[in-house]
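Novice: Got a structure for you, questions after.
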Amino acid sequence: MTECELEKMDGIIETWRRILYDENMEEIRKVQQFIIPTKNLRFFENIPFRVHDNVMIDFKTFDEENTFNFAFTIVQVPYFIFITTVWGNTDTMKQYQLGKAIKPYRSTLPKNITKCLEDLHFKKYFEANDKLAEKQRKLIEERVEKAQKHK
């Protein structure tokens, strides 16, 4: 991130701190937040391994340097993705916007969100998988097998 972008982030974090501390619901509602159930998302349909219940966190900006058009944080926990717009706005995920009844939809996410998921779930997954030692792989498989027997 550039110096200008870091300053922008500091300002946003301070604004969020202040509106949360003051419990300013009117200002809190202005920050676009989305909750996306992963159960029926098309992104996960044809993946041969389970990633819909993985955990990940990232910050993404799709701007040209110092333009501040659109950036978001993305957090995935088992069966949900949480997105908070840091700057900019989107109207491409209205069905998932906080404040509405959110249901699992069989839908396709916007390209920038899908690209982020592809990078984290495929590229990073396979990089980590390639680096995993055989001994460590066996230990993980044994733990999973043991956990499944206890269910």
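Novice: With (1) under 28 Å from residue 4 (Cβ atoms); (2) of a type in the set (D, E, K, R); (3) not in a loop (DSSP other than H, G, I, E, B) as the list, and residue 118 as the residue in question, which single condition is left unmet?
Specialist: Residue 118 satisfies every listed condition except (1).
Novice: For region 128-140: of the residues being surrounded by 10 or more Cβ atoms within 10 Å (Cβ to Cβ) and either closer than 29 Å to residue 82 by Cα or of a type in the set (Phe, Trp, Tyr) (or both), which is modelled with the lowest pLDDT?
Specialist: At the first step, the residues of region 128-140 found to be surrounded by 10 or more Cβ atoms within 10 Å (Cβ to Cβ) are 129, 132, 136-140.
In the following step, the residues that additionally are either closer than 29 Å to residue 82 by Cα or of a type in the set (Phe, Trp, Tyr) (or both) were identified as 129, 132, 140.
Details: 129: 78, 132: 84, 140: 85.
For region 128-140, the residue satisfying everything is 129.
Novice: For region 111-118, check the following and say yes or no: at least one residue is closer than 19 Å to residue 11 by Cα, surrounded by fewer than 12 Cβ atoms within 10 Å (Cβ to Cβ), out of contact with any helix residue (DSSP H, G or I) (no Cβ under 6 Å at 6 or more places or on another chain) and free of Cβ contacts under 8 Å to residues at least 60 places away in the same chain. Working first, answer last.
Specialist: Kept after step one, since they are closer than 19 Å to residue 11 by Cα, are these residues of region 111-118: none.
Looking through region 111-118, none of the residues is closer than 19 Å to residue 11 by Cα, surrounded by fewer than 12 Cβ atoms within 10 Å (Cβ to Cβ), out of contact with any helix residue (DSSP H, G or I) (no Cβ under 6 Å at 6 or more places or on another chain) and free of Cβ contacts under 8 Å to residues at least 60 places away in the same chain.
So that you can scan it fast, the table gives a plain yes or no per residue for (1) surrounded by 15 or more Cβ atoms within 10 Å (Cβ to Cβ); (2) more than 21 Å from residue 119 (Cα to Cα); (3) touching a Ser or Thr at 6+ places or on another chain (Cβ under 9 Å); (4) among the hydroxyl-bearing types (Ser, Thr, Tyr):
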site: 66; (1), (2), (3), (4): no, yes, yes, no
site: 73; (1), (2), (3), (4): no, no, yes, yes
site: 76; (1), (2), (3), (4): yes, no, yes, no
site: 81; (1), (2), (3), (4): yes, no, yes, no
site: 85; (1), (2), (3), (4): yes, no, yes, yes
site: 91; (1), (2), (3), (4): no, yes, no, no
site: 95; (1), (2), (3), (4): no, yes, yes, no
site: 99; (1), (2), (3), (4): no, yes, no, no
site: 104; (1), (2), (3), (4): no, yes, yes, no
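Novice: Cβ-Cβ below 6 Å, separation at least six or inter-chain, first residue in region 55-84 and closer than 17 Å to residue 8 by Cα and of a type outside the set (Ser, Thr, Tyr), second loosely packed, with under 13 Cβ neighbours inside 10 Å and at pLDDT below 85: which pairs?
Specialist: That search, which allows pairs on different chains as well, returns 63/69; 65/2; 66/2.
Novice: If a residue has to be in contact with a Phe, Trp or Tyr (Cβ under 8 Å, 6 or more places away or on another chain) and at pLDDT 70 or above to count, how many in region 42-61 make the cut?
Specialist: Result for region 42-61: 3.
The values are calculated or read from the model by the stated rules, or taken from the named source; none is laboratory data. All values derive from a computational prediction rather than experimental measurement. Cβ: placed from backbone, ideal geometry, glycine included. Neighbour counts: every protein chain shown.
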